[in-house]
Ligand SMILES: Cc1cc2nc3c(=O)[nH]c(=O)nc-3n(C[C@H](O)[C@H](O)[C@H](O)COP(=O)(O)OP(=O)(O)OC[C@H]3O[C@@H](n4cnc5c(N)ncnc54)[C@H](O)[C@@H]3O)c2cc1C
Ligand SMILES: Nc1ncnc2c1ncn2[C@@H]1O[C@H](COP(=O)(O)O)[C@@H](O)[C@H]1O
């Protein structure tokens, strides 16, 4: 079974928007979007249960996103494709979905997995746009996934409880962060990751443009809210919480 | 400007969030505000939308549209937008609406802004407001072309009934092959049983930081000592640790108790939207950078396994 996983590198720690470019500041350290580790884990399990095949990582981002890909390779993915191009910086849903779909078109996997959301964009939407461009069925928010007999079956939560949806392969599936517990890369995995194939593409290799149909016009501070009192537990936290609740007459 | 609003429905009711977005659209002052209702046996529902400001409601009523799956809805809305030239399509966030909106964005190559908490005309242009990066910054967003698509954050507005009537227009139903490939095998229906979290003065909620389903007893004991109810995050509900009826957040319940104690909860936006109206929020989390510390009143950095049992004991003593 050939499974592709769309993964993103996101800035580590506190995130900020650069007031000059009005884009997310990606200059600091980056990490594999933690939600995507669940998608990688699920892909590895599906590959292994099928008794073989390949897990290909697909990503668009700055050149250093290769570090995040290496973490997923260390978990056990087989190879990675990274689209990195100055002209792709600032791409929005329209642009990103076009680029990822172009890579996925070339790869032609039986299953494409996405994580639940990008920790920086918080959109939780990209899979649906990519599925549309690939003209493939999509199942989102999947908390339990079974892939067998050419079909993906997902159990997923909505505002009303749980649905069960089935789609014939090739299909696109986005997984919830509760679907599994991602493995930690082993030392062997980390060493092995360095020699796994990592392909880097520019937009002209794919014959597409990225682009954006949305724009950030202005930035402002969030409305002020009440003070947060913060304390570190030194063994007395429980008593301090009781004191606080007493002050506010909540007991 | 001409606005089309996606009117989601469930169990024969138009959803409150969608009607609220429709009311908001009507308040922007444009006479050409329409809704679209898609499903099987939904004609009667469509008329309801007139009361909330729709001058026109497109109805796609077809057996093949019975299951609330997104891709067929993209087909229907895309042809309405093309045939009738709507320049703006608005959605209230939901699992279904997000997938429809993003699919439509790709189909029409249209810009989609999400998580909006407001929308206004500024100097002739449409401008959305959205909190970003865990609500640490407020961003004004726009569109560089038409149609403009937007998803509103759940719970942002309330519906405002103005009492008009809408003209019903049949929408054409021509489905793409890939849009019909996914099949609903079992469809969720609102589970009414379970605790009434909306009435509770105190809620103690547990997240993945509890480490396992067995540790929910820590949360239950504390809730009992405080005379409160127990809540949960989607991560633990999806993992089967706790029932769906206790879930708080975007796809769960919205609550506003006097006191909310979050144990081992990171504070994702989708959780926050369901509990930010609480009077006092106390968070216990071992990660000093957890987003929940940005919007709680008392933030305790520490291990809940050490703190919560002690807290329960002290509260018991205190309340006798
Ligand atoms: C469309 C959509 C809808 C959603 N709807 C909802 C919804 O309705 N409700 C909801 O809750 N979520 C919802 N989510 C999911 C949401 O984005 C988060 O994934 C989820 O809220 C995370 O749950 P959590 O805080 O329990 O887990 P995590 O994010 O994993 O956080 C666990 C926290 O526990 C802390 N921790 C770990 N061990 C300890 C310890 N020993 N002591 C103290 N702290 C500890 C960690 O530091 C961490 O901050 C939705 C997502 C999407 C995409
Ligand atoms: N630049 C990117 N490259 C590859 N995959 C991405 C990228 N951005 C987002 N994704 C994938 O899409 C999912 C949802 O992202 P979003 O809709 O941006 O919140 C993530 O969990 C990833 O699986």
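The values are calculated or read from the model by the stated rules, or taken from the named source; none is laboratory data. The model shown is predicted, which means the values in this text are computed figures rather than measured ones. Glycine also receives a Cβ, built like all others from the backbone with ideal geometry; neighbour counts cover every protein chain displayed.
A few points about this structure:
- Test: residue in the range B:212-223 that is more than 8 Å from ligand 1 (Cβ to nearest atom), at the interface with chain A (Cβ under 9 Å from one of its Cβ atoms) and either on the phi > 0 side of the Ramachandran plot or crowded, with 20+ Cβ neighbours inside 10 Å (or both): no
- Evaluation of residue B:150 against (1) within 24 Å of the chain's Cα centre (by Cα); (2) more than 7 Å from chain A (Cβ to nearest Cβ); (3) surrounded by fewer than 19 Cβ atoms within 10 Å (Cβ to Cβ) (one fails), failing number: (3)
- Qualifying residue in the range B:252-259 (condition: surrounded by fewer than 18 Cβ atoms within 10 Å (Cβ to Cβ) and either outside any loop (DSSP other than H, G, I, E, B) or within 10 Å of another protein chain (Cβ to nearest Cβ) (or both)): yes
- On inspection, residue B:235 qualifies as touching a residue at least 12 places away in the same chain (Cβ under 8 Å), within 16 Å of ligand 2 (Cβ to nearest atom) and surrounded by fewer than 24 Cβ atoms within 10 Å (Cβ to Cβ).
- Some residue of the range A:113-124 being surrounded by 24 or more Cβ atoms within 10 Å (Cβ to Cβ), away from ligand 1 (no atom under 14 Å from the Cβ) and at pLDDT 95 or above: yes
- Candidates are the residues of the range B:30-51 that are out of contact with any strand residue (DSSP E or B) (no Cβ under 8 Å at 6 or more places or on another chain) and closer than 21 Å to residue B:88 by Cα; the one that is surrounded by the most Cβ atoms within 10 Å (Cβ to Cβ) is B:51.
- Candidates A:193, A:167, A:171, A:148 - the one that is under 24 Å from residue A:54 (Cβ atoms) and surrounded by fewer than 20 Cβ atoms within 10 Å (Cβ to Cβ): A:148
- Meets criteria (within 29 Å of residue B:143 (Cα to Cα) and under 17 Å from the mean Cα position of the chain (by Cα)) for residue A:14: no
- Only residues that are within 14 Å of chain B (Cβ to nearest Cβ) and on the phi > 0 side of the Ramachandran plot were counted in the range A:173-223, giving 1.
- For the range A:105-135, residues that are within 13 Å of chain B (Cβ to nearest Cβ), part of a helix (DSSP H, G or I) and more than 9 Å from ligand 2 (Cβ to nearest atom) total 4.
- Annotation: residue B:171 fulfils all but one of (1) within 13 Å of chain A (Cβ to nearest Cβ); (2) in contact with a strand residue (DSSP E or B) (Cβ under 8 Å, 6 or more places away or on another chain); (3) in contact (Cβ under 8 Å) with a residue 12 or more places away in the chain; the unmet one is (1).
- Boolean, residue B:227 is more than 14 Å from ligand 1 (Cβ to nearest atom) and assigned by TED's automatic domain parsing to the domain that holds residue B:267: yes
- Annotation note: Cβ proximity below 8 Å between a residue of the range B:133-145 that is more than 7 Å from every other protein chain (Cβ to nearest Cβ) and a residue that is outside any loop (DSSP other than H, G, I, E, B) and crowded, with 17+ Cβ neighbours inside 10 Å (sequence gap 6+ or interchain) occurs for B:134/B:269; B:134/B:291; B:134/B:294.
- Test result for residue B:100, within 11 Å of chain A (Cβ to nearest Cβ), within 16 Å of ligand 2 (Cβ to nearest atom), buried (at least 24 other Cβ atoms within 10 Å of the Cβ) and in a helix (DSSP H, G or I): yes
- Conditions (1) assigned to a loop (DSSP other than H, G, I, E, B); (2) at the interface with chain A (Cβ under 8 Å from one of its Cβ atoms); number of the one not met by residue B:276: (2)
- Looking only at the range B:260-273, residues that are within 10 Å of another protein chain (Cβ to nearest Cβ) and within 16 Å of the chain's Cα centre (by Cα) come to 3 in all.
- Flag for residue A:94 being modelled with pLDDT of 95 or more, more than 14 Å from every other protein chain (Cβ to nearest Cβ) and within 13 Å of ligand 2 (Cβ to nearest atom): no
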